[in-house]
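Trainee: Structure provided below as structure tokens; questions to follow.
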Amino acid sequence: MTARPYRSVLYIPASKERAMEKARGLPVDAIIFDLEDAVAVEEKVNARALLGETLAAGGYGPRARIVRINGLDTPWGAEDAAALPAEADAVLLPKVDGPEHLDALAELVRPDVAIWAMMETPLGVLNAQAIAAHPRLEGFVLGTNDLAKDLGVRSRSDRLPLLTALQHCMLAARAHGIVAVDGVYNAFRDEEGLQAECAQGRDLGFDGKTLIHPAQVAIANAAFAPTADEIDLAGRQIAAFDEATSQGLGVAVVDGRIVENLHVETARAILAKAAAIEELEANTHTDMPAGA
């Protein structure tokens, strides 16, 4: 799986020119340019054209550019896929129930574009392993609002009714080495609640969180980045293990705890992620397209 950060993944309506312009200056790791739920029916065609013009103008730096199209069972989905802007890094398909949905999408989009799947239906969650195994798939995005609706669960701060689905998707994602991004937190002014849900998602293993408002970005970026203590410990674990192996030993001890090869693998992943975040943030700038 790539070390590329996906801590903060912000939804932006593709029909809102001002919002897409503002996103060029936000410290997000990725943007989902939404042609689906965030765009009214009468604006679908116009939004598709506006998105193409906006991405062609550039200015998004190293931020991953993901386009969520309409479902292929709608009047707009196939054309969204066929007209995917050349500057898009990935296409996100909503309500994926099985790998056959990805097969249909793969026939419509160019072969070099990554395919991502919205995991937001009970059937999709049950088929998560088969979906994650698709050769074109590179990421899951959890659609927890739609999933909660279909399951008929009550909203709880601990998300207990959704934990089985969240963990099932995580197992499938990790089994096949793809990215997995947690669902949105709807109360965008509730910083404490967002922090708690980000911490839960990070503890579950998610790479980041989808966001609905720029005010949520800083919290997500902090929650899904290695902490200073984690980076320090990782460095010390690697150094101690290297010293132990140089003496013909198979384990080391750091802070009173055994360090084996598996811990070193985790430590190296932490340092790689921290380095990738540092590089992305160094290259993230607010450059604007010519003439803007």
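Trainee: Between the alpha-carbon centers of region 32-90 and region 163-233, tell me the distance in whole angstrom.
Mentor: Between the Cα centres of region 32-90 and region 163-233 lies a distance of 25 Å.
Trainee: Give me the dipole magnitude in Debye, nearest 20, for the chain about the Cα centre, with unit charges on the beta carbon: positive for Lys and Arg, negative for Asp and Glu.
Mentor: Values: 26 positive and 43 negative charges, 43 e Å.
The dipole of the chain has a size of about 200 debye.
Trainee: If you don't mind, another one. In terms of Cα to Cα distance under 26 Å, which lysines are near enough to K149, apart from those fewer than 8 places away along the same chain?
Mentor: In chain and number order, the partners are K44, K95, K209.
Trainee: Then there's this: What's the whole-number percent of alpha carbon pairs in region 169-292 lying beyond 21 angstrom?
Mentor: 55 percent
Trainee: If we restrict to alpha carbons, what Rg and Dmax does region 8-225 come to, in Å?
Mentor: 16.2, 43
Trainee: May I ask for the angle, rounded to the nearest 10°, between helix 228-246 and the longest principal axis of the chain, with both axes built from Cα atoms and the value confined to 0 to 90°?
Mentor: 50 degrees
Trainee: Further question: For helix 261-283, report the angle its Cα long axis makes with the longest principal axis of the Cα atoms of the chain; keep it between 0 and 90° and round to the nearest 10°.
Mentor: 50 degrees
Trainee: Shifting gears a bit: Per DSSP H run of n ≥ 4, the term is -39500 (n - 2.57); total these for the chain, divide by its residue number, and report the mean residue ellipticity at 222 nm rounded to 500 deg cm²/dmol.
Mentor: Calculated at 222 nm, the ellipticity per residue is -13500 deg cm²/dmol.
Trainee: Please compute the modelled spin-label separation between R156 and A228, points set 7 Å along Cα→Cβ, answer in nm with one decimal.
Mentor: 3.7 nm
Trainee: In the chain, if the dipole is taken from +1 on Lys/Arg beta carbons and -1 on Asp/Glu beta carbons about the Cα centre, which of M119, H134, A272 is farthest to the positive end?
Mentor: Value computed over the given set: M119.
Trainee: Provide, for q = 0.11, 0.19 Å⁻¹, the log10 of I(q)/I(0) from a solvent-free Debye sum over equal Cα point scatterers in region 17-127.
Mentor: With no solvent term, the Cα-only Debye profile gives -0.34, -0.98.
Trainee: Another one. How far apart, in nm, are two points set 7 Å out from the Cα along the Cα-to-Cβ line at T164 and at N261?
Mentor: Roughly 3.7 nm, to one decimal.
Trainee: Among DSSP beta bridges lying fully in the chain, give the percent that are antiparallel, nearest 5. Walk me through the numbers before you get to the answer.
Mentor: Working: 3 of 33 bridges.
The antiparallel fraction comes to roughly 10 percent.
Trainee: What is the distance, in nm, between label points placed 7 Å from the Cα along the Cα-to-Cβ direction at A19 and at Q129?
Mentor: Modelled inter-label distance: 3.8 nm.
Trainee: Here's something else I'd like to know. Give me the base-10 log of I(q)/I(0) for region 144-184 at each q in 0.18 Å⁻¹, Debye formula, one uniform scatterer per Cα, rounded to two decimals.
Mentor: Treating every Cα as an identical point scatterer, log10 I(q)/I(0) equals -0.53.
Trainee: Further question on the same structure: Kindly express, to the nearest 10 degrees and within the range 0 to 90, the angle between helix 44-57's C-alpha long axis and the longest C-alpha principal axis of the chain.
Mentor: It works out to around 50 degrees.
Trainee: If you rank E138, E197 by fewest surrounding Cβ atoms within 10 Å, what's the result?
Mentor: On the way: E138 18, E197 24.
Ranked by crowding around the Cβ, least crowded first: E138, E197.
Trainee: If you place +1 on the Cβ of every Lys and Arg, -1 on the Cβ of every Asp and Glu, and leave all else neutral, what size is the dipole of region 136-292 about its Cα centre, to the nearest 20 Debye?
Mentor: So the dipole magnitude of region 136-292 works out to roughly 580 debye.
Trainee: Tell me which residues come under 5 Å, amide H to amide H, from L211 once H is placed; ignore anything under 5 positions away on its chain.
Mentor: Sorted by chain and number, the residues that satisfy this are V9, L10, Y11.
Every read-out reported here was derived from the displayed coordinates using simple, explicitly stated rules and does not represent laboratory data. Note that the structure is a prediction, hence the values are computed from the model and not measured. Heads up, the Cβs are rebuilt from the backbone with ideal geometry, glycines too, and the neighbour counts pull from every protein chain shown.
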